[in-house]
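Structure first, commentary second.
The values are calculated or read from the model by the stated rules, or taken from the named source; none is laboratory data. If you're wondering where the values come from, they're calculated on a predicted model, not measured in any experiment. Cβ: placed from backbone, ideal geometry, glycine included. Neighbour counts: every protein chain shown.
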Amino acid sequence: MTLSYCVNCGVELERGTRHCPLCAVEVLNPKEEPQAEYIPAYPEKLVLPKATNRRYVAFLISMTILIPNIVCSLTNLLFPASGSWARYVNAASAFLWVLLVLPWFWKRFPAYLAWLLDTLALCLFVYLFYGLGEKPWYFTLALPLILGLSAMVLVWLFWLRRKKHAWPSIVIAVLLCVVAFSVFMDGLIYYFIYGRLAIGVSLIVVASCVALIGFFAYVRKSGRFRAWLSRRFFV
């Protein structure tokens, strides 16, 4: 077989090569007959494999989480004298699966469905991890706190999705939610312990958030100051 070499750099060429793989100079062979279909010796573009399917990865992670939970549950049933320790593993695994893995099964996970499932997962997690055997504590304190937090997140989510808001308005909305939840949590804990409604520690949180709300309200009102902050901190 006759070997061919590049006239520019001298590298050895394979039969059918149209461009030098080293210097990209066009290769012309007058003795070679034109081919009906040209198949390059080297690929001109690097073809990367397609991205791994998100659902396939989520399924593998789910199986990885499920199998140890089944083993722990069966072990706990076989040795009941060791206590109900498997519920801690199951509760933590279920909460993390709903929070981190479940959204991978959707191309675009619905926001309100995510809110509902996260709320239910958090209620179940706290009940299995802390509230089992302490039902008065769970239903009179933990569950109202979770539902109150969930309601504030729902209101904030609804407000955020209605229209596009400037970043100072979003920060103010978050701070208002922090104020409302801190007062609600402080009053609920005080009532649970002492049997009457009062607030104490939340006043510090309220005072701090009010000061920050005033600052960001000025940022929202002053376009020049907001533009300076955006340039300065890339907000």
Q | Long-range neighbours under 6 Å by Cβ, at least six apart or interchain, first residue assigned to a helix (DSSP H, G or I) within the range 89-110, second aromatic (Phe, Trp, Tyr) and surrounded by fewer than 17 Cβ atoms within 10 Å (Cβ to Cβ) | A | Ala91/Phe129; Pro103/Phe109
(Q) closer than 22 Å to Leu100 by Cβ and surrounded by 14 or more Cβ atoms within 10 Å (Cβ to Cβ): which single residue out of Ile199, Ile170, Ile189, Ile146 fits that description? (A) Ile146
Q: Name the helices (runs of 4 or more DSSP H) wholly inside the range 117-235 in which the number of residues that are at pLDDT 85 or above and in the same structural domain as Pro103 (by TED's automatic domain parsing) is 2 or more.
A: 143-162
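Considering only residues that are among the hydroxyl-bearing types (Ser, Thr, Tyr) and in a helix (DSSP H, G or I), look in the range 52-78 and name the one that is farthest from the chain's Cα centre (by Cα).
Checked the range 52-78; the qualifying residue farthest from the chain's Cα centre (by Cα) is Thr75.
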